[in-house]
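Derivation of every value follows stated rules applied to the coordinates shown; laboratory data play no part. Small disclaimer: the values here were computed from a predicted structure and weren't measured. Don't worry about glycine lacking a Cβ; one is built from the backbone with ideal geometry, like all the others, and counts go over all protein chains shown.
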Amino acid sequence: MADDIILETRGLVKEFKGFVAVNDVSIGVRRGQIHALIGPNGAGKTTFFNLLTKFLIPTRGTILFNGHDITAEKPAQVARRGIVRSFQISATFPHLSVLENVRIALQRSTGMSYHFWRSEKSLSQLNGRAMALLETVGLENFSNTLAVELAYGRKRALEIATTLATEPELMLLDEPTQGMGHEDVDRVTQLIKKVGANRTILMVEHNMNVVSSIADTISVLQRGQVIAEGPYNVVSTNPQVLEAYMGSTEAELEGGHGH
């Protein structure tokens with residue numbers, strides 16, 4: 001069974017001047033799953049993500065990726081291993097087209113990075129792959145649109161496409177549906193489900209409807225600690241989880257009021 005764990009944290013702790021943001025968190029993410037991290041504001045979800053991508057160094061504890069101890073590695077090393085956080089490299093070029101954005105992401109992953117002076121011919125070799133990625137995320141009809149002109153939900157789709165271009169082994173999504181209207185939430189949720197069909201995704205998400213419909217495993221954080229873990233039907237009926245969401249009733253949790 002242990003072979004199935006792609007990412008594992010053991011006793012992860014992050015303290016900021018006496019405040020413990022992440023407190024002894026041990027989580028195992030299974031290969032091929034969509035694993036969601038939920039919890040009220042201030043629960044330590046973003047700090048935990050920042051520890052995984054090495055934007056922060058843990059106070060104590062260990063992070064293992066494919067069995068390798070990556071606790072002391074730098075952000076670039078971790079990215080090269082295949083842990084890629086969407087939206088950290090996102091829609092970097094608002095005034096380039098959707099296609100050009102994906103092509104640049106492909107250039108990065110093929111080691112051709114930033115050779116803007118390269119001939120149009122060598123770049124057009126990447127067009128086929130870029131268009132295939134745009135089809136994956138449902139943006140094939142927007143290839144010539146400037147990134148800045150995309151609607152919010154489609155910007156997210158473009159960010160997912162540029163992340164996919166790096167062929168991540170583990171994709172980290174930080175609040176992918178934040179600030180979206182209902183229609184965009186549905187579209188992006190379906191997109192994550194589709195993209196997650198053949199890769200591993202760890203996501204921080206507030207919206208319970210999203211989590212309940214696509215997550216295989218859910219870890220609930222409160223005050224920096226994991227208070228529950230399992231599939232949605234187990235986690236959503238856990239009294240401690242219900243209490244953590246401001247004494248929410250079960251109906252509220254099911255209603256998915258992810259503010």
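More than 33 Å apart: what percent of Cα pairs in the chain qualify?
Numbers: 7231 of 33411 pairs.
The share of Cα pairs beyond 33 Å in the chain comes to 22 percent.
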If amide hydrogens are placed 1.01 Å from N in the peptide plane, which non-local residues have theirs closer than 5 Å to the one on Thr145?
Val98, Leu99
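Given the pairs Lys155/Lys194; Lys14/Lys54; Lys54/Lys194; Lys45/Lys194, which are separated by over 19 angstrom at their Cα positions?
Numbers: Lys155/Lys194 17 Å; Lys14/Lys54 12 Å; Lys54/Lys194 28 Å; Lys45/Lys194 24 Å.
Correct reply: Lys54/Lys194; Lys45/Lys194.
Would you mind counting up the charge near Gln178? Only other residues with Cβ under 13 Å from its Cβ, with Lys and Arg at +1 and Asp and Glu at -1. Can you show the working numbers first?
Details: positive: Lys45, Lys155, Arg156; negative: Glu159, Asp174, Glu175, Asp184, Glu205.
Combined, the nearby Lys, Arg, Asp and Glu give -2.
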Cβ crowding within 10 Å averaged over residues, with 220-228, 178-186, 76-84, 44-52 ranked highest first:
44-52, 220-228, 76-84, 178-186
What residues qualify as long-range amide H neighbours of Leu56, i.e. H under 5 Å apart, gap of 5 or more or another chain, H built at 1.01 Å from N?
Leu51
Step through the residues of the range 6-14 one at a time and calculate ³J(HN,Hα) from phi using the Karplus curve (6.51 cos²θ - 1.76 cosθ + 1.60, θ = phi - 60°), rounding each to whole Hz and writing x for Gly and Pro.
8, 10, 9, 10, 10, x, 6, 10, 9
Mind listing the long-range amide H neighbours of Ala228? Cut-off is under 5 Å, sequence gap 5 or more, other chains count too, H placed in the peptide plane at 1.01 Å from N.
Val220
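Can you say what percent of the DSSP beta bridges in the chain, counting only those with both residues inside, are antiparallel? Round to 5. Show your work: numbers first, answer last.
On the way: 21 of 37 bridges.
Roughly 55 percent of the beta bridges in the chain run antiparallel, per DSSP.
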Over the chain, what relative contact order in percent results from Cα pairs under 8 Å that are six or more residues apart?
26
Using only alpha carbon pairs under 8 Å that are at least six residues apart, calculate the relative contact order of the range 1-107 and give it in whole percent.
25
For the range 137-145, Karplus couplings with θ = phi - 60° (6.51, -1.76, 1.60), whole Hz, Gly/Pro x:
9, x, 10, 4, 8, 10, 4, 9, 6
Extension reserve of the Val20-Asn233 stretch, reckoned as 0.36 nm per residue once the Cα distance is removed:
73.7 nm
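Report, in deg cm²/dmol and to the nearest 500, the calculated mean residue ellipticity at 222 nm for the chain, where each DSSP H run with n ≥ 4 adds -39500 (n - 2.57) and the sum is divided by the residue count.
On the way: 11 runs with 93 residues, N = 259.
Rounded to the nearest 500, the figure is -10000 deg cm²/dmol.
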If you place +1 on the Cβ of every Lys and Arg and -1 on the Cβ of every Asp and Glu, how big does the dipole about the Cα centre of the chain come out, in debye to the nearest 20?
960
Contour excess over end-to-end distance, with Cα ends at Thr53 and Ala197 and 0.36 nm allotted per residue
49.6 nm
Using θ = phi - 60° and Karplus 6.51 cos²θ - 1.76 cosθ + 1.60, couplings along the range 188-195 (whole Hz; Gly, Pro as x):
5, 4, 5, 5, 5, 4, 5, 5
